[in-house]
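Please read the structure below before turning to the comments.
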Amino acid sequence: MLTLTRIKGGAVYATAVTYGDHCDGFLELVDTPIYFSPATDTRARDGGDGRVIELALTFHTARVAARPVELHKGDIRNRSDRGRWALRGLAGEIVPRAAEEIRCRPKGGPLHIRDLEQQKWLERENQRSHTTYIPQSFSSSVDERGTPIPPQMRSGWKPGDLEWSQAGGKVLRVS
């Protein structure tokens, strides 16, 4: 199983899971850096960015400033294994998200390149909305005096939805 994550700056990182213990012996034998080498097709017919055709691990790469692959014994889906690895920095951000995606993706489901910055923003927004949003139940869009109730005061509203300003004044420009 494989996940792909795009980080700020456009680089794409892959996280893979192998099945069984046959990979652990391989990790003990390898003492030179291994590199991730994708073959891509940028002539996407569906209007997308392109597609990854093949993936390979190699001891040498033609890419400039390529970073070696990090290999870890254990199962990425197992929280205790991930804790034993003591991942920091970028790997510490990518691996837990990749484990969740692998856990939730249906067998044979499509691979998507996830955007790390967008995911972090969404997590912050979800956390903020859970701590600051107080649901109020309104049965209609007007209160008992007939005054319209702004959308942000109605139940079901979430950050990013349409809202009305509570300040008096005129709208000068909307873009």
- [ ] Under 6 Å between Cβ atoms, at least 6 apart or on separate chains: pull out the pairs that start in the range 147-160 with a residue that is within 17 Å of residue 128 (Cα to Cα) and end on any residue that is assigned to a loop (DSSP other than H, G, I, E, B) and acidic (Asp, Glu).
- [x] 152/163
Open item on the list: Condition first: without any contact (Cβ under 8 Å) to a residue 12 or more places away in the chain and part of a helix (DSSP H, G or I). Now tell me which residues in the range 80-117 satisfy that.
Closed with: 80, 81, 83, 84, 89, 92, 100, 104
TODO: Filter the range 66-92 for residues that are under 19 Å from residue 1 (Cα atoms) and in contact with a strand residue (DSSP E or B) (Cβ under 9 Å, 6 or more places away or on another chain) and give the result.
DONE: 69, 76, 91
Open item on the list: From the list 79, 63, 45, exactly one residue is modelled with pLDDT of 80 or more, of a type in the set (D, E, K, R) and exposed (fewer than 14 other Cβ atoms within 10 Å of the Cβ). Which is it?
Closed with: 79
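The values are calculated or read from the model by the stated rules, or taken from the named source; none is laboratory data. Please read these numbers as outputs of a predicted model, since none were measured by experiment. Methodologically, a virtual Cβ is constructed for each residue, glycine included, from the backbone with ideal geometry; neighbour enumeration extends over all protein chains shown.
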